[in-house]
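In what follows, a structure is listed as structure tokens, so that the remarks can point back to it.
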Amino acid sequence: MQELIEHVRTIANDIHKGLPIRECQQCWAEADLCECGTQSLLDGIMSGHDYLNDALDIQYIVTGQGEYIGARILVAFGGPNIWVNTHTGIVEGYWGGDYTTNAFLNDPMDVDGACRELWNCQTSALFMGDK
């Protein structure tokens, strides 16, 4: 149980503080992926879209009219299962019969905003006839 608590706490802290990233000011690649050779690095916070690149699943929480409210993002699976809930501001962890949560009060990466954008893109595509 203690391992689950620590894992959930770490993810909640990552969301609350934002994950640091170093990017090249010339090509905007992450520092370790930069090939332009300028060595002009900028310290910043990972974007919500970049955070979602590693998401295993996203469940959208919407109104009956399809308006976005929040999302549950699966960030770990198979022991433990961990979800980030942007609507409640809670990271939920499950492992066997154990369950724990940890709140986050800030979202400097704007993970919720990135989920909102993805939802709006998906619904726009549906209404335009694309699938």
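Some notes on this structure:
- Taken over the stretch 52-95, residues that are more than 23 Å from ASN120 (Cβ to Cβ) and touching a strand residue (DSSP E or B) at 6+ places or on another chain (Cβ under 9 Å) amount to 12.
- Each residue in the stretch 32-51 was checked for being modelled with pLDDT of 65 or more and touching a strand residue (DSSP E or B) at 6+ places or on another chain (Cβ under 7 Å), and 6 of them qualify.
- For the stretch 89-100, the set of residues classified as modelled with pLDDT of 95 or more and over 17 Å from LYS17 (Cα atoms) consists of GLU92, GLY93, TYR94, TRP95, ASP98, TYR99, THR100, listed by residue number.
- Strands (runs of 3 or more DSSP E) contained entirely in the stretch 60-131, each with at least 3 residues that are in contact (Cβ under 8 Å) with a residue 40 or more places away in the chain: 68-76, 90-95, 98-103
The values are calculated or read from the model by the stated rules, or taken from the named source; none is laboratory data. Just so it is clear, the model here is predicted, and its values are computed rather than measured. Methodologically, a virtual Cβ is constructed for each residue, glycine included, from the backbone with ideal geometry; neighbour enumeration extends over all protein chains shown.
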